[in-house]
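The values are calculated or read from the model by the stated rules, or taken from the named source; none is laboratory data. These numbers come from a predicted model, not from an experiment. Neighbour counts run over all protein chains shown; Cβ positions are idealised from the backbone, glycine included. Note: accessible area is taken over every heavy atom of the protein model, side chains too, but ligands, DNA and RNA are not part of it. Shrake-Rupley method; radii C 1.70, N 1.55, O 1.52, S 1.80 Å.
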Amino acid sequence: MSVETFNFHPSIMAGVRALGYTTPTPIQLKAIPPIMQGRDLIGLAQTGTGKTAAFVLPILERLRSGPHGRVQALVISPTRELVEQTCEVFNNLGSNTGLQSVAVYGGVNMAQQTRNLQNGADIVVACPGRLLDHLWKGTISLSSLEILVIDEADRMLDMGFLPDIRNVLQCIMNKHQTLLFSATMPENIRRLAREIM
């Protein structure tokens, strides 16, 4: 099986080839088709299994042809490092799509992030706390959101982010696709999945 079988647009395949991806990983094989069909999905996968590309590629495919310049995809991640890594994957795989992704996390100046968001972010990858800061200040709008990804859900719950995630979910009023990825599936993750899907 080859990555070519997913029939991604040539602008996305250029990014795939530049990174040397040829054969999909098991999580990519199972997750990409239903994500591309617009279905909600729970993905169980350890870090290092190609999970990030499993949601990045279909998001790029879905957003590339529509209007740009407003937040249409949101990825919530537990740590600054993971936010930066995910944003880098979006930028590398989507380098020929014209889509802009912005990283949002605490511990740095909020003004620069606000400028980046105002410059036409299509995709935001964020830690929950700083994302809420932007939502409450009105420097980010989720009114055009089409896809929500909760990444490393078990780690986020272990780190005490569940109240923040619930607060973010209350800010999303429109119908959207929800993707939840986790390395494990304890009862609190099952409960969260039942609530949001």
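Structure summary
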quantity	calculated
Cβ-based charge dipole, the range 105-177, positive-most Cα from I150, V124, G160	V124
Rg and Dmax [Cα atoms of the range 52-102; Å; Rg one decimal, Dmax integer]	10.5, 30
Surface/4 estimate of mean projected area, convex hull on alpha-carbon atoms of the range 38-130, nm²	6.2 nm²
Mean accessible surface per residue for the chain, computed with a 1.4 Å probe while every protein chain stays in place, in Å²	45 Å²
Global geometry of the range 97-168, whether rounded, prolate or oblate, following the gyration tensor of its Cα atoms and the 1.5 cut on a/c	prolate
Ellipsoid equivalent to the range 136-197 - semi-axes via the Cα gyration tensor, in Å	21, 13, 10
Kirkwood-type radius of the chain, with distances r between different C-alpha atoms, in Å	16.8 Å
Simple Cβ-charge dipole of the range 1-143, Lys/Arg +1 and Asp/Glu -1, about Cα centre, in debye nearest 20	160 debye
Solvent-accessible area, 1.4 Å probe, carbon plus sulfur percent, for the chain	50 percent
